[in-house]
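Novice: Following this message is one structure expressed as structure tokens.
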Amino acid sequence: MTRLGRELVRLLPVAVVMLFLAWWIPAYFSSYWLRAFTAAVVYSLAALGVGLLYGRLGLVSLANFALLGVGAWVSLRLGLHDPRLPVAANIVIGGIVAAAIGTVIGLPALRLRGLYLALVTLMSAGAFFVVINAIGFPEGGSGFTGRGGSGAVRNAPRPSFAETDSAYFRFALVVAILGFALVLVHLRTSPGRAWAMIRRSEAAAHSAGVNVTMYKTWAFTLAGFLAGVAGGLYAANIGRPGTGDFGAASSMILFGISVSAGSFHLLGAALAGLLARGLPALFSQHGINAEIANMIFGFLLMFSLTAAPEGAAGQLTGLARSIRAKLTPRRGRPAPGVEPTRPAGPDAADQAAAEVPS
Amino acid sequence: MIDIDRVTVQFGGVFPLDDLTLQLDGSIVGIVGPNGAGKTTLLNVISGFVTASQGSITVDGTDILAMAPYKRARWGIRRTFQTEQVVNELTVRDNVSVMLDTARLSSSERAASIERALEITGLVHHADRSAHVLNAFERRLVELARAVVGTPKVIMMDEPAAGLSNLETAELRATIARLPAATSAMVVLIDHDVELIAAICENTAVLDFGELIAYGPTAASLSDSKVRAAYLGVAVEEA
């Protein structure tokens, strides 16, 4: 079987699960939960960008929720300015603008790492918060800011084919799947190999002919695009985003949740969305203060950093690997009840390990 | 041929390479010297990780110091590291193919080139294994395959046998000896293992305190009185 064929077979269960969720969630959950799940899908797209930077390149960016705000602002501004503009196009344009700003924010990453890069990106998120507070979100008025419209404050438009919560959930899910597919294609082709080399060491990457500057910058651009697209979806999901939604703390929480959910795996981004939006929704439904979820995220981050560096997704995939290894008879190790014909050697152990997908 | 002309590297008041002039030629060239002699610094200057404060280096007549490090690798200056730099998350094939990601090759040429590198290094049967399951020797070979793939002009190895058993070193020695014929690249080998250098290197340069103290056919270089003095701490008898 070709490599592409193996990849498609590997992704088949994921596609089946996605189709099932697209049918099951709108059919069985209330409007309250439907909006929460849509918010989770949107959040996972932003977490995907954070995971790309941290999990693949080891770069800490604390500005990604601000970039989500950029996408939300641009998409909302375009949608309210002219409702005839296709919403999907507005979302993509919001993504492109956020990608451009993300690229600029990422420029210090060419020189800085670790705490210093984290501080610079956090300052960028803070700067965005100041700007957005000064100009506010558009209300449908004229001019650059779109403020001061004489009519009633309008909500962000949704696509004409996805105006109901059910249809909008499915629309957001499709957009998120496209975002995950975009990242997956990157990971399986030359950018993924280049990022892996850079993560190993920049010297190794240079010696392998990798243009480190270009690939680092491209990672920030892609993460910005994903956050911007998530922002467009976010705006249309809640209708009227507020300036308070995009404080620098939101970017820090996004990073913390992405790391504790598992930034080395695509599954981690999906889990991050569920954690960040599902847990507060669950608490609210049971009359518990949703802010308590932030405390739980803090504990999860501490646990992840000390005991489970690959996060929840790493724990889950590790568990799945060990179960599969127990269920699959290894070459050189007979199934229970079968008389061994030759002793198992190190080669057999290596072979078995090689068969476990990474 | 690598032509090193009056190259100096300065770190503060320290001169790891001090006005070094040397023409490296031959199919396999060794560079030896005591710790701190400037061997790895020389490799780093050629591959672009350390900037020379003066001097020039040409490879087959091309000035390489003006090129960015990644462009030197694409041009054909390849290297391995003292601490191997294999990426665990990638398969053996992907670890090698990253070198050709910017090469202008058709997919069939690219696949053939990777297959050839895996054949040279004996990794064909490991091609689709994830690198994290490889042992230390196999990881060394993966790094060597990455240096070999495509059309290398110079393959530089920094202590490739470090940490290997005698059996593995012998196998690695045979693989390195095959490289000039298999790739038509010049091989530069840095190692403390004088036996390895003596066995496969046509010419050998000996450095000490950033200066060249001997260069020529390996046997002659290694038996030079200044070399023995540098290694054994014996005073050189004046002629």
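The values are calculated or read from the model by the stated rules, or taken from the named source; none is laboratory data. The structure displayed is predicted, hence computed values, not measured ones. Glycine also receives a Cβ, built like all others from the backbone with ideal geometry; neighbour counts cover every protein chain displayed. Just so you know, the surface numbers come from the protein's heavy atoms only, side chains and all, with ligands and any DNA or RNA stripped out. Shrake-Rupley method; radii C 1.70, N 1.55, O 1.52, S 1.80 Å.
Novice: Assuming A:Ala89 fulfils every condition listed in (1) within 16 Å of the chain's Cα centre (by Cα); (2) without any contact (Cβ under 8 Å) to a residue 12 or more places away in the chain apart from one, which condition is it?
Specialist: (1)
Novice: Going through B:Pro160, B:Pro180 one at a time, which residue ends up being closer than 28 Å to B:Ile120 by Cβ and open to solvent by 20 Å² or more (accessible area, probe 1.4 Å)? Can you show your working first?
Specialist: Numbers: B:Pro160 fails: open to solvent by 20 Å² or more (accessible area, probe 1.4 Å).
Step by step, each of B:Pro160, B:Pro180 is checked, and only B:Pro180 is closer than 28 Å to B:Ile120 by Cβ and open to solvent by 20 Å² or more (accessible area, probe 1.4 Å).
Novice: Taking the options A:Val74, A:Val97, A:Val70, name whichever one is open to solvent by 30 Å² or more (accessible area, probe 1.4 Å) and assigned to a helix (DSSP H, G or I).
Specialist: A:Val97
Novice: Moving on. Give me a count of the residues in segment A:21-67 that are at positive phi and in a helix (DSSP H, G or I).
Specialist: Residues in segment A:21-67 being at positive phi and in a helix (DSSP H, G or I): 0 in total.
Novice: Sticking with this structure for a sec: So which residues in segment B:132-142 are crowded, with 24+ Cβ neighbours inside 10 Å and out of contact with any Gly (no Cβ under 9 Å at 6 or more places or on another chain)?
Specialist: Answer for segment B:132-142, where residues must be crowded, with 24+ Cβ neighbours inside 10 Å and out of contact with any Gly (no Cβ under 9 Å at 6 or more places or on another chain): just B:Val142.
Novice: Spot the failing condition for A:Pro138; the list is (1) buried (at least 22 other Cβ atoms within 10 Å of the Cβ); (2) within 14 Å of chain B (Cβ to nearest Cβ); (3) not polar (S, T, N, Q), and only one is missed.
Specialist: (2)
Novice: Could you tell me which residue of segment A:102-111 is farthest from A:Val60 (Cα to Cα), considering only residues that are free of Cβ contacts under 8 Å to residues at least 24 places away in the same chain and out of contact with any helix residue (DSSP H, G or I) (no Cβ under 6 Å at 6 or more places or on another chain)?
Specialist: It comes out as A:Val104.
Novice: Please report, ordered by residue number, the strands (runs of 3 or more DSSP E) entirely within segment B:10-120 with at least 2 residues that are within 14 Å of another protein chain (Cβ to nearest Cβ) and at negative phi.
Specialist: Fully inside segment B:10-120 and qualifying: B:77-79.
Novice: Determine whether A:Ala181 is away from every other protein chain (no Cβ under 14 Å) and within 26 Å of A:His265 (Cβ to Cβ).
Specialist: Details: away from every other protein chain (no Cβ under 14 Å): yes; within 26 Å of A:His265 (Cβ to Cβ): yes.
For A:Ala181, the condition - away from every other protein chain (no Cβ under 14 Å) and within 26 Å of A:His265 (Cβ to Cβ) - is met.
Conditions tested, residue by residue: (1) in contact (Cβ under 8 Å) with a residue 12 or more places away in the chain; (2) over 22 Å from A:Tyr168 (Cα atoms); (3) aromatic (Phe, Trp, Tyr).
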site	(1), (2), (3)
A:Gly224	yes, yes, no
A:Gly228	yes, no, no
A:Tyr234	yes, no, yes
A:Gly242	yes, no, no
A:Leu282	no, no, no
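Novice: A further question follows. Kindly provide the set of residues from segment B:157-178 that are among the aliphatic types (A, V, I, L, M) and assigned to a helix (DSSP H, G or I), ordered by number.
Specialist: Within segment B:157-178, B:Leu167, B:Ala170, B:Leu172, B:Ala174, B:Ile176, B:Ala177 meet the criteria.
Novice: How about segment A:238-255: which of its residues are assigned to a helix (DSSP H, G or I) and open to solvent by 10 Å² or more (accessible area, probe 1.4 Å)?
Specialist: A:Ile238, A:Thr243, A:Gly244, A:Asp245, A:Ala248, A:Ala249, A:Ser250, A:Met252, A:Ile253, A:Phe255
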